[in-house]
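Reviewing the structure listed below.
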Amino acid sequence: MKIDLHTHTKTGSDGNLSVDDVFQEARKRNINFMSITDHDSVDCQERAIVLAKQYDISYITGVELNVTFQYPGSKSVSLDFLGYQYDLTDQGLTDQLKLLREYRKARSRQIFEKLNVEFNKENIARFTGEDIKKIQDSVDGAFGRSHIANYLIEKGVVGDKQEAFDKYLVKCDVPKYPLLLADASRLIRNAGGILVHAHPNDPRGTSLTSLTRDLNEQTEIIKQHMLEYIDGIECWHSRHEAKAVAHYIEFAKKHRLIMTGGSDCHQKPILLGTLDIPDYVAEQF
């Protein structure tokens, strides 16, 4: 069985392919069980459910939420959590996601202002209203910094996405909406879903590595500060090494947490279905 419970689309957030194209690719790759987990967006879920039936792929609703995690004795850090199997018609969930998307737009305007300050220093042409409109028009779902990175590449300001983040988008970042873990948990659970801590040991992403790279210290943080709010852990991830996978499987079993896994595919390149995720992950659902 091929499983991928963490993938993104252009339709909903910052993927490179539409939801229709993602399912076509999933079919080519013989995916049996999957979920689309766009950032702060459930816009493509109804279509995904239809396509899953069409391609005979088992499917569960998904979404990825960014949480402001307040760790005692440290500054707040940004972490990601995955919501699964929620009711699409839940008004509380849809209202909150609408608020998050509106905040993303306001945040983007602040990032543009900061970028223009940097461009002035380097004698680079500033972003105009026309540039900003082009970027916004390229967004089908929830706005993210990746959309700005793509435009910086298109304009020849940077050579690739990594350079865009390293040179500009980290420095010019603006805090995301301050969604607390307790609030994210309540939001998903009230909609009948489960909340899963995403890629806790991702060395290049939004993860606990911003606090510590020690696996035992990471799981101690989860044990002390997260267990009452989460239902599972994403053990398998495209940037989790084998040691981290084994560690989180052991932790999840000990604390009776659901174990999930996914490529976190944004189709740049296409990683869909490339992880060896055991069948029992599907059986949990």
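Read-outs: derived from the displayed coordinates by stated rules, not from any lab. Fair warning: this is a prediction, and the values are worked out from it, not measured in the lab. Glycine gets a Cβ as well: all are built from the backbone with ideal geometry, and neighbour counts include every protein chain shown.
In table form, for the structure just shown:
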{"read-out": "Normalised contact order of region 102-169, rounded percent, pairs of Cα under 8 Å and 6 or more residues apart", "value": "29"}
{"read-out": "Size of electric dipole in the chain: Cβ of Lys, Arg +1 and of Asp, Glu -1, about Cα centre, debye, nearest 20", "value": "500"}
{"read-out": "Label-point gap, in nm, between Arg27 and Tyr280 - each point 7 angstrom along Cα→Cβ", "value": "3.3"}
{"read-out": "Residue-averaged [θ]222 nm for the chain, counting only DSSP H segments that reach four residues, each worth -39500 (n - 2.57)", "value": "-12000 deg cm²/dmol"}
{"read-out": "Among Phe33, Phe23, Phe127: highest mean-square fluctuation, GNM of the chain, C-alpha pairs under 10 Å", "value": "Phe127"}
{"read-out": "Dipole axis of region 102-169 (+1 Lys, Arg; -1 Asp, Glu on Cβ), positive-most option in Ile111, Gln162, Gln136", "value": "Ile111"}
{"read-out": "Neighbour-count order for Leu257, Leu180, fewest beta carbons within 10 angstrom listed first", "value": "Leu180, Leu257"}
{"read-out": "Selected from Ala164, Ala48, Ala191 as most flexible by GNM, with the chain as the system and alpha-carbon contacts under 10 Å", "value": "Ala164"}
{"read-out": "Cα-based Rg of region 102-169 normalised by 2.2 N^0.38 Å, two decimals", "value": "1.02"}
{"read-out": "Cβ-derived FRET efficiency at R0 25 Å, Lys268 paired with Asn123, nearest 0.05", "value": "0.25"}
{"read-out": "Loop-exposed GluC sites (Glu not before Pro) per DSSP, neighbour cap 16 Cβ within 10 angstrom, longest uninterrupted part of the chain", "value": "1-121"}
{"read-out": "Order of Thr7, Thr209 - criterion: other Cβ atoms within 10 Å of each residue's Cβ, fewest first", "value": "Thr209, Thr7"}
{"read-out": "Glu130-Gln162 pseudo-label distance in nm [points 7 Å out on the Cα-to-Cβ vector]", "value": "3.4"}
{"read-out": "Contour minus Cα-Cα distance for Met1 and Leu180 (0.36 nm per residue)", "value": "60.9 nm"}
